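The block underneath contains the structure these notes are about, expressed in structure tokens.
The values are calculated or read from the model by the stated rules, or taken from the named source; none is laboratory data. Since we're looking at a predicted model, the values are computed, not measured. Here Cβ is always computed from backbone atoms with ideal geometry, including for glycine, and neighbour counts include all displayed protein chains.
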Amino acid sequence: MKVPIKINLQNGDKYFYLEQLTLVAGIVNFSCSIPEYNDYLFNEAHRSQKDHVALTWLLRERNSNTVISYMSVIADAIKLSATEKELHNLNYPFKTLPAIKIAKLAVSQSAYEKYRGIGTYMVFAALNIARTCNSDLFAARFLTVDADIEHVTVT
């Protein structure tokens with residue numbers, strides 16, 4: 001059995017590229033171990049994007065153009081206690097603070113067997129999207145994750 005390739009920020013761009021989901025994006029071979037995540041990508045992601053609910057980003061393998069992971073990103077807001085605001089030095093009158101949320105994140109089964117660290121790599125990609133929003137579009141102080149802990153796999 002081949003040893004999986006460890007993906008990190010230094011080598012990820014060598015193996016992958018990120019693109020936003022479009023109607024013509026080929027995603028026919030994506031399959032992760034969680035059926036509801038496959039269903040979302042094939043049956044809901046386009047509608048969510050069209051309705052301005054979530055933007056979906058595809059991670060493709062450079063040498064094959066195969067989609068090996070995806071994430072859907074949405075706007076979010078979080079409410080912090082006075083203590084939490086103090087901890088983060090956020091002395092503002094707002095009841096909630098802006099955030100960007102990873103609403104869905106899935107890694108294909110074939111990528112899971114070939115690579116390690118894809119989920120972490122996708123979280124860093126979401127951070128880069130948040131940085132772009134912060135510099136060009138709107139403010140978002142936090143990155144949140146809608147985690148389905150019953151599906152979490154730690155390697």
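Please indicate, with yes or no, whether at least one residue in the range 68-77 is farther than 23 Å from His46 by Cα and surrounded by fewer than 16 Cβ atoms within 10 Å (Cβ to Cβ). Yes: one or more hits. From the list Ala111, Ala147, Ala140, the lone residue that is surrounded by 15 or more Cβ atoms within 10 Å (Cβ to Cβ), at pLDDT below 90, within 23 Å of Pro4 (Cβ to Cβ) and under 16 Å from the mean Cα position of the chain (by Cα) is Ala111. Among the residues examined, Val53 does not qualify as over 21 Å from Ile129 (Cα atoms) and surrounded by fewer than 17 Cβ atoms within 10 Å (Cβ to Cβ). Filtering the range 34-55 to residues that are more than 17 Å from Val73 (Cα to Cα) and over 17 Å from the mean Cα position of the chain (by Cα) leaves only Pro35.
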